[in-house]
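Here the structure is laid out as structure tokens; the discussion comes afterwards.
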Amino acid sequence: MLEKYDLHCHSTASDGSLTPTELVLRAKNNGVTHLSLTDHDTVAGIVEAQITADSVGIKLIPGIELSVNWQNKTLHIIGLNINPDFPDLSQGIAALQITRKTRAEKIAQKLAKKNINGALEGVKQLAGKGMITRLHFANFLVTNNHVETQQKAFDKLLGKGKPAFVTTQWPELEIAISWIINSGGLPIIAHPFRYKLTASWMRRLLSAFKELGGVGIEVVTGRSSTDDIHKTGKYAKDFGLSGSVGSDFHSPDNVWVELGRLAKLPADIKPVWHLLK
Ligand code: AMP
Ligand code: MN
Ligand code: MN
Ligand code: MN
């Protein structure tokens with residue numbers, strides 16, 4: 001059978017709109033053979049995803065997308081094939097739950113100063129038991145007609161430097177990588193172009209990441225252009241990193257991104273799944 005990998009997506013355990021079960025079924029329907037669920041700072045969806053994956057015959061790779069701090073920048077690091085029960089990681093996640101809760105309260109306070117009330121209750125309702133993210137705030141702001149689109153919510157209020165932005169102390173890159181490695185997982189840089197790094201900062205990051213034990217970089221994402229893939233592929237080769245592919249799917253409402261709908265990893269890039277045992 002032809003293998004189809006999608007190693008980055010979100011469920012209702014964080015800011016995805018599908019439950020882990022719905023997500024796995026949709027992936028299966030789209031012909032995905034290997035799926036990694038990588039919710040933001042939580043592994044709460046993995047047990048359910050695993051049960052569904054087993055029942056429909058799709059390989060579920062336990063994952064996480066950790067928010068990390070590096071040189072005063074926020075980055076996202078995928079931990080692929082982690083053991084969700086490993087103590088260091090569990091403790092780290094428990095702390096992140098508090099970090100995100102406190103941050104949500106602060107974001108809501110800043111929104112209140114802009115005469116936008118009820119945001120905390122609103123996002124709690126949207127997130128349910130899941131981790132609260134800025135995407136929940138964006139959806140709250142759209143639903144309540146404070147802004148027209150998710151993008152405008154970030155551009156006007158939630159993005160870096162905007163009135164409701166809250167600087168957050170995420171775990172340091174080094175610490176997050178150690179949680180991933182010690183729990184048996186592979187650290188991978190998510191969507192490398194989302195951080196708007198200059199070429200020299202990108203090289204600094206890749207060299208630090210490699211030094212700390214990082215093994216992969218997302219060469220193909222759901223929104224990558226041919227040029228992005230080419231550039232990231234070159235970074236992968238220059239720094240001896242394997243290439244990952246992941247849609248970063250959040251919701252069927254976003255018609256631009258679909259589970260399993262990904263360009264091919266270029267043939268000269270080592271696939272990160274060769275490192276999975
Ligand atoms: P957080 O980790 O809480 O800061 O939230 C980040 C999440 O918000 C990302 O994972 C995306 O799902 C979403 N996000 C960030 N920037 C944007 C944007 N410009 N437009 C739409 N969604 C975004
Ligand atoms: Mn997200
Ligand atoms: Mn991300
Ligand atoms: Mn993501």
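Compare Glu3, Glu211, Glu65, Glu105 by solvent-accessible area with a 1.4 Å probe and give them largest first, with all protein chains kept in place. Could the numbers behind the result be given before it?
Values: Glu3 110, Glu211 155, Glu65 0, Glu105 65 Å².
Result of the area sort, largest leading: Glu211, Glu3, Glu105, Glu65.
When the accessible area of segment 1-120 is computed with all protein chains present and a 1.4 Å probe, what percentage of it is carbon and sulfur? Could you put the intermediate results ahead of the total?
Details: 2630 of 5140 Å².
The nonpolar share, carbon plus sulfur, comes to 51 percent.
Highest GNM mean-square fluctuation, the chain, Cα pairs closer than 10 Å: which of Thr33, Thr198, Thr12?
Sorting by GNM fluctuation, first place goes to Thr198.
Which whole-percent values make up P(r) of segment 1-147 when all C-alpha to C-alpha distances are grouped in 10 Å steps starting at zero?
Taking all Cα pairs of segment 1-147, the binned fractions are 11, 37, 32, 16, 3, 0 percent.
Carbon-plus-sulfur fraction of the accessible area of segment 150-277, 1.4 Å probe, in percent?
Numbers: 3560 of 6590 Å².
Carbon-and-sulfur percentage of accessible area, whole number: 54.
Return an integer: the convex hull volume of the alpha-carbon atoms of segment 113-204, in Å³ per residue.
That works out to 137 Å³ per residue.
So who's got an amide H within less than 5 Å of the one on Leu37, skipping anything under 5 residues away but keeping other chains? H placed 1.01 Å off N, in plane.
Ile61, Gly63
Which of His136, His191, His146 moves the most in a Gaussian network model of the chain with Cα springs under 10 Å?
His146
Taking the chain as a Gaussian network, Cα atoms linked when under 10 Å apart, which of Lys210, Lys59, Lys114 shows the biggest mean-square fluctuation?
Evaluated over the chain, the most mobile residue of the options is Lys114.
Would you mind computing Rg(Cα) / (2.2 N^0.38 Å) for the chain, counting N as its residues?
Rg over 2.2 N^0.38 Å, computed on Cα atoms: 0.96.
Under the Karplus relation 6.51 cos²θ - 1.76 cosθ + 1.60, θ = phi - 60°, what is the ordered set of whole-Hz ³J(HN,Hα) values for segment 148-160, x standing for Gly and Pro?
For segment 148-160, the Karplus-derived couplings read 7, 9, 4, 4, 5, 4, 6, 5, 9, 10, 9, x, 4 Hz, x marking Gly and Pro.
Report the percentage of all Cα-Cα pairs in segment 24-70 whose separation exceeds 11 Å, rounded to a whole percent. Don't skip to the end; give the middle numbers.
Numbers: 694 of 1081 pairs.
For segment 24-70, the share of Cα pairs beyond 11 Å comes to 64 percent.
For the chain, what proportion of DSSP beta bridges, expressed in % and rounded to the nearest 5, is antiparallel?
40 percent
Suppose the chain between Asp88 and Glu148 were pulled fully straight at 0.36 nm per residue; how much longer would it get relative to their current alpha carbon spacing?
Numbers: separation 60, 0.36 × 60 = 21.60 nm, distance 4.11 nm.
Length difference between fully extended and current span is 17.5 nm.
Which whole-angstrom value gives the distance between the alpha carbon centres of segment 9-24 and segment 111-173?
Value for the Cα centre distance between the two parts: 19 Å.
Could you tell me the ratio Rg/Rh of segment 178-239? Both radii from Cα atoms, Rh via Kirkwood.
With Rh from the inverse mean 1/r over Cα pairs, Rg/Rh is 0.97.
What net charge is computed for the residues neighbouring Lys28, neighbours being all others with C-beta under 13 Å from the C-beta of Lys28, Lys and Arg scored +1, Asp and Glu -1?
For residues surrounding Lys28, the net value is 0.
Counting helices only, and only those DSSP H runs with n ≥ 4, report the 222 nm mean residue ellipticity of the chain as the sum of -39,500 (n - 2.57) divided by its residues, in deg cm²/dmol to the nearest 500.
Per the formula, -12000 deg cm²/dmol.
Give me a comma-separated list of calculated 3J(HN,Hα) values for segment 98-109, in order, Karplus coefficients 6.51, -1.76, 1.60 applied at θ = phi - 60°, integers in Hz, x for any Gly or Pro.
5, 3, 5, 5, 4, 4, 4, 4, 5, 4, 4, 4
Just grab the label-to-label distance for Lys101 and Glu22, each label 7 Å out from Cα along the Cβ direction, in nm (one decimal).
Calculated label separation equals 2.6 nm.
Considering amide H positions built from the backbone, and no H for Pro or chain starts, which residues 5 or more places from Leu80, or on another chain, come under 5 Å of its amide H?
Leu186, Ile188
The values are calculated or read from the model by the stated rules, or taken from the named source; none is laboratory data. Being a predicted model, the structure only gives us computed values, none of them experimental. As a convention, Cβ positions derive from the backbone with ideal geometry for all residues, glycine included, and neighbour counts pool all protein chains shown. In case anyone asks, the SASA skips ligands and DNA or RNA and just uses the protein heavy atoms, side chains included. Shrake-Rupley method; radii C 1.70, N 1.55, O 1.52, S 1.80 Å.
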